[in-house]
Amino acid sequence: MTNDSLATEPDLNDSIYDLVVIGGGINGVGIARDAAGRGLRVLLVERGDFAGATSSASSKLIHGGLRYLEYYEFRLVREALAERERLLAIAPHIAWPMSFVMPHIAGLRPRWMIRTGLFLYDRLGGRISLAKSKAVTLTNTLLGKPLKTLFSQGFTYSDAWVDDARLVVLNALSAQQHGAEMLPRVSFEQAKRVGHLWHIEIKPTEIHPSPEKIPTHIRARMLVNASGPWVEKVRTRIALNDYSHDEEILESSVEIQKQTGLGQLRLVQGSHMVVARCYDGNHAYILQHTDRRVIFMLPYEHDYTLIGTTDLPLNDPNQLPSMTDAEVDYLCDAVNQYLEHSVKPSDVIWRYSGVRPLMDQGDTDNPSAVSRDYELKIEALNEAVPLLTVLGGKLTTYRKLAEHALDDLSDYCIDLSKGWTDQEVLPGGDIPDGWHGFEAWQTHFIAQYPDIDPEWLASITRRYGTWTPQVLSSLKSQSLTFGVSDLGLYFGGGLYECEVRYLRQKEWAWQAEDILWRRTKCGLHMTVDERISFEKWFKQHGV
């Protein structure tokens with residue numbers, strides 16, 4: 001399948017799918033991609049935008065989870081560290097290494113504990129390409145410049161940064177390349193087993209641009225519930241009995257819920273805030289708080305610092321997550337223990353929150369201590385018509401989770417091929433041989449467009465990699481030389497019409513917010529008036 005066919009409307013009919021996936025977050029699109037690449041006929045439905053919830057509200061890190069070692073989660077850390085290496089290889093345009101600085105406070109974790117943890121962190125994941133940890137002096141150095149003078153010693157170690165929302169979209173694009181039919185803005189209504197098939201009802205939302213092309217009934221051999229915080233609610237709409245004689249699906253969610261047998265989820269709100277850049281350099285800080293939690297300070301979008309995260313228990317997955325003033329105060333208090341120049345709540349430029357669906361094993365009241373591991377649960381009928389439910393998980397391990405999911409489902413497939421996603425790069429990540437990394441290729445690419453702002457081109461190539469020419473040519477320019485006039489209208493914040501049209505045509509960006517805050521972060525760089533003007537233009541020009 002060529003790139004030109006991306007994000008086109010699928011030709012849906014009443015034929016049978018091998019697999020239907022519910023949920024367009026990182027786990028859902030990862031499973032769809034893996035399954036399609038193994039030769040299955042796949043359809044994915046997502047009631048909102050891809051990465052519209054938890055998967056775009058992370059700390060933007062690919063990391064093993066250094067603090068998880070305190071809870072003896074060695075398997076999770078080992079897997080995450082190995083996945084960190086793979087993701088850096090398959091997505092070099094949206095993921096890159098980052099150095100972390102941990103100032104030492106003797107009254108919290110002792111030096112021997114930190115040294116032991118970092119020693120394990122350097123080695124648990126097998127062969128690593130990133131710099132190993134070391135003790136450092138902070139006094140009179142760039143690393144110590146933003147900190148109070150009492151922090152004279154510390155440690156550095158390596159992890160990696162990723163554009164989380166683009167990671168989801170690139171997996172969705174790759175899934176489509178391999179034949180999966182991807183349907184954002186389409187809600188899952190209900191499902192029941194009829195003989196050896198799932199009979200599934202779906203419904204396009206009012207935002208979908210072509211609702212007439214979406215069928216209301218589809219059939220599938222296997223069903224995956226990867227709906228994140230809504231996994232239990234979705235589960236109540238799935239009837240496990242055999243309705244071969246056309247009985248109605250049970251209407252009582254309570255009665256259906258009795259069939260689930262799922263482990264209890266704990267919903268935890270994690271919030272982040274963005275302030276003007278607090279320090280120079282491309283390194284990050286990991287700061288120990290007095291409650292033994294850790295807080296990240298991360299360089300963000302060139303001009304800003306991202307600070308997070310919090311852990312706030314929630315009860316209702318339908319409650320729209322929103323950062324509270326108390327959370328802002330908490331993060332300000334945490335970083336101000338370290339910073340020479342304090343951060344105030346009035347300094348916050350942008351804030352966002354997401355809901356993490358964590359597996360609750362009932363052994364702690366501390367949300368920070370709840371495992372970030374995942375569980376895959378299969379419920380089948382007479383060794384057929386399986387429902388696979390995804391519980392928990394984290395951004396870093398999505399690819400391995402998907403691989404495990406397909407391996408588990410292989411018992412219900414004939415001659416399912418082996419996993420492949422650790423080798424094929426994500427769209428835009430295919431840097432030609434000989435360039436010795438993304439940065440070398442990027443420098444050469446930017447030099448080909450001397451009339452366009454190199455800083456803007458650098459940000460575009462970070463989003464689209466080798467697919468950047470498609471973005472630049474989306475206005476069908478016939479010019480022999482390409483310049484700024486060929487980019488179309490300028491909306492502010494680094495956003496041009498050519499990118500907007502590309503995103504609407506190729507990446508399912510059907511609302512202004514999809515572009516401003518997920519496909520790009522241009523909304524952060526725009527004024528309020530610029531955002532309002534863009535939203536009006538977007539509505540007027542349709543999809």
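For residue 152, the requirement of being of a type in the set (Ser, Thr, Tyr), surrounded by fewer than 21 Cβ atoms within 10 Å (Cβ to Cβ) and over 25 Å from residue 394 (Cα atoms) is met.
For the range 324-344, the criterion of a residue being among the charged types (D, E, K, R), buried (at least 18 other Cβ atoms within 10 Å of the Cβ) and either under 19 Å from residue 58 (Cα atoms) or in contact (Cβ under 8 Å) with a residue 40 or more places away in the chain (or both) is satisfied by at least one position. Being open to solvent by 10 Å² or more (accessible area, probe 1.4 Å) and under 18 Å from residue 51 (Cβ atoms) is the requirement here; does residue 185 meet it? Yes: the conditions hold for residue 185. For the range 111-134, give me each residue that is out of contact with any Ser or Thr (no Cβ under 7 Å at 6 or more places or on another chain) and among the hydrophobic types (A, V, I, L, M, F, W, C). Once the filter is applied, which keeps residues that are out of contact with any Ser or Thr (no Cβ under 7 Å at 6 or more places or on another chain) and among the hydrophobic types (A, V, I, L, M, F, W, C), the range 111-134 yields 112, 113, 114, 119, 120, 124, 128.
Any chance the range 84-102 includes a residue that's over 30 Å from residue 425 (Cβ atoms), open to solvent by less than 20 Å² (accessible area, probe 1.4 Å) and assigned to a strand (DSSP E or B)? Yes, there is a match, as at least one residue in the range 84-102 is over 30 Å from residue 425 (Cβ atoms), open to solvent by less than 20 Å² (accessible area, probe 1.4 Å) and assigned to a strand (DSSP E or B). Residues that are open to solvent by 10 Å² or more (accessible area, probe 1.4 Å), among the hydroxyl-bearing types (Ser, Thr, Tyr), at pLDDT 95 or above and touching a Gly at 6+ places or on another chain (Cβ under 9 Å) occur in the range 193-207; there is at least one. A search for C-beta distances below 6 Å between a residue of the range 23-41 that is more than 16 Å from residue 411 (Cβ to Cβ) and in a helix (DSSP H, G or I) and any residue that is among the aromatic types (Phe, Trp, Tyr) and open to solvent by 10 Å² or more (accessible area, probe 1.4 Å), counting only pairs 6+ apart in sequence or on different chains, returns 37/420. In the range 297-317, the qualifying residues are those that are out of contact with any Pro (no Cβ under 7 Å at 6 or more places or on another chain) and part of a loop (DSSP other than H, G, I, E, B), and the one that is surrounded by the fewest Cβ atoms within 10 Å (Cβ to Cβ) is 315. Among the residues making up the range 431-445, a single one is β-branched (Val, Ile, Thr) and either in a loop (DSSP other than H, G, I, E, B) or surrounded by fewer than 11 Cβ atoms within 10 Å (Cβ to Cβ) (or both): 431.
The values are calculated or read from the model by the stated rules, or taken from the named source; none is laboratory data. These numbers were taken from a predicted model, which means no experiment stands behind them. Reconstructed Cβ throughout: ideal geometry from the backbone, glycine too, with neighbour counts over all protein chains shown. Accessible surface is based on the protein model in full, side chains and every heavy atom, while ligands, DNA and RNA are left aside. Shrake-Rupley method; radii C 1.70, N 1.55, O 1.52, S 1.80 Å.
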